[in-house]
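Down below is the structure, laid out as structure tokens.
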Amino acid sequence: MRSSAKNLPFYKRFAYILFIITALITLCYLGQGILSPLLLALLFAIMMRPVAAFLQKRLKMPNLAASLIAVLLFVIFFAILFTFITYQIAGMAEDWDKIQTNLLSHWHSFQGYVQDTFQLSKREQEQMVSKATSGSADTGKSIMGSTLLSLTDSLMNLVLIPIYMFLILLYRTHFLKFLCRLFAVHHHPKLEDILKTIKTSVQSYILGLLFEFIIVSLLTTFGLMLIGVKYAVLLGVITGLLNLIPYIGILIAGVLTIIASLSGTSDLTVILGILVVNIVVQFIDNNILVPIVVSSKVEINSIASIAGIIICGAIAGISGMFLAIPVMAILKVIFDRVQSLEPWGYLLGDDIPKAFDWKHLDSSKEKNDTDEY
């Protein structure tokens, strides 16, 4: 069967690959409501597995109690974080009138600048804005409807993820036996290697993200305090959380910080200070934290990361963007250890050869040379 598949013409094999990829993406899109919380629960369960193992082995707790306590610790941590953010946002809501006043002040200043520079009166500017947003009523209704659906799904996931986590931790041995029954005995050493590597990679990656969240939150909070921004701690924590969403999270955090800063002052220098703080923190994050703490754990190249984040974001939204890199890391572990899929694992990897020479190309491993291709 393998030999007959290899003997197929290239265009047929390529068509099969495209069909399989398309089918998998379609299934992920149609089943995102089920797959997203299940995959998130799997990642968090892998992260909390050492806690459950410690409770079970060292404190001699039964598997049921150890799994339950591990999940409860996870829920308590995020409940404390959510309570802190909610309490701070409630205090910020009291300054909403002042934020609106400062926003209007900046808007009038911007209109004056446009009027002086482009010779457009404020009335003409308002007419242009009104014309540009004339269809926003229907759009607003659709956005409101989708937002309500998204909020409902998020609340449902908040309930499902801890339940899934508990069940995965409770039945982890059962699932391992199921995987062993799927493959012949002589494949079990490779299966064990794949599962151990996946566990190590996922745990290291999530712990790296947690460390990155703490450092980015502390740096942003310290920077905002230096320039006198109100609610600096809250905005620092929100920036750290949104920074976990690659590429677009920090942009959203910057906009929220600028708007929130208007609760204390309307001075433009504060806004410039916020931009400087975000740029400095991002420079430290991208050049120090991400390469050392995050990227070194998954070994996924930048092109694959960006493409995966965009595709997973289109399929499952924010949760898909968060899941993109760990899912690709899991796939790379599998691809690297299955001979027929090894080229795909190499494609996802971050190996940058210094040179390439067709004459000295080895079929199993590419040799580095000094001549550039």
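The values are calculated or read from the model by the stated rules, or taken from the named source; none is laboratory data. Only a predicted model underlies this, so the values are computations on that prediction, with no experimental measurement involved. Glycine also receives a Cβ, built like all others from the backbone with ideal geometry; neighbour counts cover every protein chain displayed. Areas reflect the complete protein model, heavy atoms only, side chains present, ligands, DNA and RNA absent. Shrake-Rupley method; radii C 1.70, N 1.55, O 1.52, S 1.80 Å.
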- Note on the structure: Stretched fully, the stretch from E299 through L73 gains (0.36 nm per residue minus C-alpha distance, one decimal, in nm) 78.4 nm
- Violating pairs (Cα-Cα greater than 24 angstrom) within the set K12/K190; K12/K199; K196/K332; K57/K196; K57/K332: K12/K190; K12/K199; K57/K332
- Query: Roughly speaking, what is the stretch gain from L341 to I288, that is 0.36 nm per residue apart minus the C-alpha to C-alpha distance, in nm to one decimal?
  - Reply: 15.8 nm
- Message: Just to be sure I understand the model, the point goes 7 Å from the Cα along the line to the Cβ. What's the resulting Y29 to T173 distance in nm?
- Response: 4.3
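DSSP loop (so not H, G, I, E, B), at most 16 other Cβ within 10 Å: list which trypsin sites (Lys or Arg not before Pro) in the range 1-82 pass both filters.
Hits after loop and neighbour filter: R58, K60.
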- Between L218 and L64, the two model label points (7 Å from Cα along the beta-carbon direction) sit apart by a distance in nm of 4.1
- Taking the mean number of other Cβ atoms within 10 Å as a proxy for protection, how do you rank 63-71, 229-237, 76-84, 251-259 from highest to lowest? 229-237, 63-71, 251-259, 76-84
- Query: Going from most exposed to least, what order do S340, S204 have by accessible area with a 1.4 Å probe?
  - Reply: S340, S204
- Task: Once you have the Cα-Cα distance between Y16 and T269, take 0.36 nm times their residue separation minus that, and quote the gain in nm to one decimal.
- Result: 85.3 nm
- Could you list log10 I(q)/I(0) for the range 164-283 at q = 0.12 Å⁻¹, which the Debye formula gives when each Cα is one point scatterer? -0.59
